[in-house]
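The values are calculated or read from the model by the stated rules, or taken from the named source; none is laboratory data. Quantities reported herein were computed from a predicted structural model and do not represent experimental measurements. Note: ideal-geometry Cβ built from the backbone for every residue, glycine included; neighbour counts use all protein chains shown.
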Amino acid sequence: MGNKFIPFEFVSPTYSLFHFKLMVASYITAQQEIADRVSTWADQLAESLTENYRRYHIKQLTINSVRFAKKDNGSVLGYRPDLSDYANQQLAEIENGTAKLMKFKVYTGKKYYKIVQQEFDTFRDRNEYRDGSVNCFIDKKTGEVYKPASWKAPAKHVRYDMRIIQQREYLLNPDNIDWAGGYLYMR
């Protein structure tokens with residue numbers, strides 16, 4: 001018989017054109033709500049990564065302030081009170097809010113949000129945050145999180161989906177993720 005076009009009224013007589021337009025409008029509204037939420041979730045993930053790095057840095061400085069203050073510390077560097085003093089100075093700066101720690105920033109592209117690591121650069125008195133490497137990509141429409149393949153493109157496989165509450169809560173907890181991107185390897 002072949003493929004013949006069947007008017008919409010005959011396919012589903014229980015739905016009018018009004019109902020069809022209403023369903024399409026609600027679908028478009030739902031898609032826009034998800035896109036708006038993904039933007040918020042991307043910002044929250046960047047904040048969570050920044051907090052994870054802050055905690056990591058405090059932990060390392062605390063270890064170093066104790067290790068290098070001891071005469072027999074077992075370190076290759078040996079007794080180094082200057083390193084211990086430096087670690088204590090850094091800890092004091094973190095405590096009073098003047099430390100220039102690494103942070104993460106969200107950039108908006110055509111298809112993805114790109115979360116980029118930024119470090120404070122003091123070389124030649126620049127004294128500004130400069131972009132480092134890409135931490136992850138997030139699809140703007142779906143909230144799917146990807147490991148970066150390069151500066152411009154994500155890897156092929158989805159690592160997390162932020163629409164799934166359990167995965168989103170996992171990602172937004174600084175205790176679960178790693179500022180270096182280890183959480184993005186295939187599970």
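Summary of computed values
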read-out: Positions within the range 119-134 being of a type in the set (D, E) and assigned to a strand (DSSP E or B), in sequence order; value: E119, D121, E128, D131
read-out: Residue under evaluation S84, criteria (1) over 14 Å from the mean Cα position of the chain (by Cα); (2) under 24 Å from H57 (Cβ atoms); (3) surrounded by fewer than 17 Cβ atoms within 10 Å (Cβ to Cβ); (4) without any contact (Cβ under 8 Å) to a residue 24 or more places away in the chain, criterion not met; value: (3)
read-out: Conditions (1) under 25 Å from T29 (Cα atoms); (2) modelled with pLDDT of 95 or more: number failed by A155; value: (1)
read-out: Tabulated pairs, the range 140-162, first at positive phi, second of a type in the set (V, I, T), C-beta under 8 angstrom, 6+ apart or interchain; value: G143/I34; G143/V38
read-out: All positions within the range 135-164 that are in a strand (DSSP E or B) and within 14 Å of K110 (Cα to Cα); value: F137, I138, D139, P154
read-out: Members of the range 112-132 that are in contact with a strand residue (DSSP E or B) (Cβ under 7 Å, 6 or more places away or on another chain) and free of Cβ contacts under 8 Å to residues at least 40 places away in the same chain; value: K114, V116, Q118, E119, F120, D121, E128, Y129, R130, D131, G132
read-out: Which numbered condition V116 misses (of (1) among the β-branched types (V, I, T); (2) closer than 30 Å to V66 by Cα; (3) not in a loop (DSSP other than H, G, I, E, B)); value: (2)
read-out: The listed residue being surrounded by 13 or more Cβ atoms within 10 Å (Cβ to Cβ) and touching a Leu at 6+ places or on another chain (Cβ under 9 Å), out of Y146, Y129; value: Y146
read-out: Test: S150 is of a type in the set (G, A, S) and either in contact with a strand residue (DSSP E or B) (Cβ under 7 Å, 6 or more places away or on another chain) or within 29 Å of Q32 (Cβ to Cβ) (or both); value: no
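Here is a yes/no grid of residues against (1) modelled with pLDDT under 85; (2) more than 24 Å from the chain's Cα centre (by Cα); (3) farther than 30 Å from G182 by Cα:
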site: I6; (1), (2), (3): yes, yes, yes
site: E9; (1), (2), (3): yes, yes, yes
site: K21; (1), (2), (3): yes, yes, yes
site: R55; (1), (2), (3): no, no, no
site: K59; (1), (2), (3): no, no, no
site: I63; (1), (2), (3): yes, yes, no
site: F68; (1), (2), (3): yes, yes, no
site: G78; (1), (2), (3): yes, yes, yes
site: Q90; (1), (2), (3): yes, yes, no
